[in-house]
Amino acid sequence: MTRIAILKREELNAEQGRVYDEAKAANAPVGGPYYAYIRNPKLFIASQEMGKAIGSFKLTGRERQIAVLTVCRFWNAKYPWGAQARNSLSQGVDQPIIDAINAGKTPALPNPREAMAHKLAKELLTNKGLSEATYQEAEKLFGSDDLVGLIAGVGQFSMVCCSANGFDITPPAEFQKLSV
């Protein structure tokens, strides 16, 4: 059960309502940890903007989603997992890949960049850093600029997962069948 009261639109103050309406109109996320972030409109906006900035790197949707799923699995974050498993399917990530990540296994990823997205996210979270070999391989595959986006994405999505877990944000029914 979600620990923080989920405010209805009519319960939001003027500033909260304004940023909520703008996000909703832009089809940006407003659920999950955003239920908590809306209490501070600056945090809500900053989180939205960080997501947009990370999305501007030249990672494919599959690369991004494989890293995001790896982060969700690491944190055992139910709401983000359900949302991102569904999103991953829409980005062309096959169910067996999602299932392998959910089971804590290394998925069969013949694309070297996709395999590195999983390896990097898992190693960074598990070891709180990257080995020199992993870093060098990732830099060769992604280049410095997109490697910044991949690593920042792991951090940003860790914040999402920590928030969802800390507030025990309950996923909706359609996400629960997809949850970790």
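Taking the centroid of alpha carbons for each part, the range 7-50 and the range 97-134 are 32 Å apart.
Computed about its Cα centre, the charge dipole of the chain is approximately 300 debye, with only Lys, Arg, Asp and Glu carrying charge at their Cβ.
Most exposed first by the Cβ proxy, i.e. fewest other Cβ within 10 Å, how do R64, R3 rank? Intermediate values should be presented prior to the final figure.
On the way: R64 23, R3 10.
Taking fewest neighbouring Cβ atoms as first place, the list is R3, R64.
Placing unit charges on each Cβ (+1 for Lys and Arg, -1 for Asp and Glu) gives the range 61-176 a dipole about its Cα centre, and among N127, Y79, A138 the Cα reaching farthest toward its positive end belongs to Y79. Based on DSSP H segments of at least four residues, each scored -39500 (n - 2.57), the chain has a per-residue ellipticity at 222 nm of -21500 deg cm²/dmol.
Treating each Cα of the range 16-71 as an identical point scatterer and summing with the Debye formula, the log10 of I(q)/I(0) at q = 0.17, 0.28 Å⁻¹ comes to -0.60, -1.10.
Return a whole-number percent for the relative contact order of the chain, with Cα pairs under 8 Å and 6 or more residues apart as the contact set. Can you show the working numbers first?
On the way: 203 pairs, mean separation 63.2, N = 180.
Rounded, it is 35 percent for the chain.
Note on E63, E10, E137, E49: ascending count of other Cβ atoms within 10 Å places them as E10, E49, E137, E63, the fewest first. Hydrophobic long helices, here whole DSSP H runs in the chain with Kyte-Doolittle means of at least -0.5 and Cα atoms spread over 30 Å or more along the helix axis, are found at 132-166.
The reciprocal of the average 1/r between distinct C-alpha atoms defines the Kirkwood hydrodynamic radius, which for the range 61-176 equals 14.2 Å.
We did not get these values from a lab; they are worked out from the coordinates using the rules stated. Quantities reported herein were computed from a predicted structural model and do not represent experimental measurements. Ideal geometry is used to build each Cβ from the backbone, glycine not excepted, and the neighbour counts take in all protein chains shown.
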